[in-house]
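One structure is given below, encoded as structure tokens.
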Amino acid sequence: MEAATRGCQCHALRAQDERYKRLGEIIAQYAGQPGALIPVLHHAQEVFGYLPHDVQVLVAEGLDVPLSEVDGVITFYSLFTSEPRGKYKIGICLGTACYVKGAAAVLEELKKQVGVDIGKTSADGLFTLEVTRCVGACGLAPVMTIGDDVYGRLTPEDVAGILDKYIQAEKNGKA
């Protein structure tokens, strides 16, 4: 009973979070402008790293657009995500050249090593696993990217060592 009388603490927590202040500034900057939704969502995602439901609600209210429109834009454009993403985005190419050269086996090893399926983020928040169709390095097939780093001529046996570089960099504070 006591918990019910205290009320929601979410507004107080938001007030202490500088990201929400920044979001309010972004919304105010674009409010009333035609075509503001995509730029506001882009900036909001830069601030939060993704677009959680409460941010979507604030954007909808601040721009006076239906929440369904906000959700529609987020789900339509692959640039936007409503799920938290890892610090490192792993992209495994499944384009024709990479696939023929064994990318599917590399992908299976990635799933095992990171512990997630395609489109998901590891429990430690370090890696998000995604599939790409071509990174323009067909001569190095199969190819994987982690952030801006490109790894080619991969075998499943290469995966653990490559991931370990990023894990060790995190542990040593060099990331």
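The values are calculated or read from the model by the stated rules, or taken from the named source; none is laboratory data. Here the structure is a predicted model, which means the values were calculated and not measured. Cβ sites come from the backbone with ideal geometry, for glycine too, and all protein chains shown count toward neighbours.
The single condition among (1) acidic (Asp, Glu); (2) in contact with a strand residue (DSSP E or B) (Cβ under 8 Å, 6 or more places away or on another chain); (3) assigned to a helix (DSSP H, G or I) that residue 71 does not satisfy is (2). Filtering 30, 99, 77 for residues that are modelled with pLDDT under 95, of a type in the set (Ser, Thr, Tyr) and either in contact with a helix residue (DSSP H, G or I) (Cβ under 9 Å, 6 or more places away or on another chain) or more than 23 Å from residue 168 (Cα to Cα) (or both) leaves a single hit, 77. Of all residues in segment 106-145 being crowded, with 18+ Cβ neighbours inside 10 Å and of a type in the set (Ser, Thr, Tyr), which is nearest to residue 79 (Cα to Cα)? Top of the filtered list is 128. Restricting the first residue to segment 143-167 and requiring it to be more than 13 Å from residue 92 (Cα to Cα) and not assigned by TED's automatic domain parsing to the domain that holds residue 98, which pairs with a second residue that is of a type in the set (A, V, I, L, M, F, W, C) and modelled with pLDDT under 95 meet a Cβ separation below 8 Å and a spacing of at least six or different chains? Between residues of segment 143-167 that are more than 13 Å from residue 92 (Cα to Cα) and not assigned by TED's automatic domain parsing to the domain that holds residue 98 and residues that are of a type in the set (A, V, I, L, M, F, W, C) and modelled with pLDDT under 95, there is no close pair. All conditions but one from (1) under 15 Å from the mean Cα position of the chain (by Cα); (2) buried (at least 18 other Cβ atoms within 10 Å of the Cβ); (3) assigned to a helix (DSSP H, G or I) apply to residue 51; the one that does not is (3).
Comparison of 95, 119, 49 shows that the only residue that is of a type outside the set (S, T, N, Q) and outside the structural domain of residue 164 (by TED's automatic domain parsing) is 49.
Of all residues assigned to segment 109-124, at least one qualifies as being part of a strand (DSSP E or B) and closer than 27 Å to residue 21 by Cβ.
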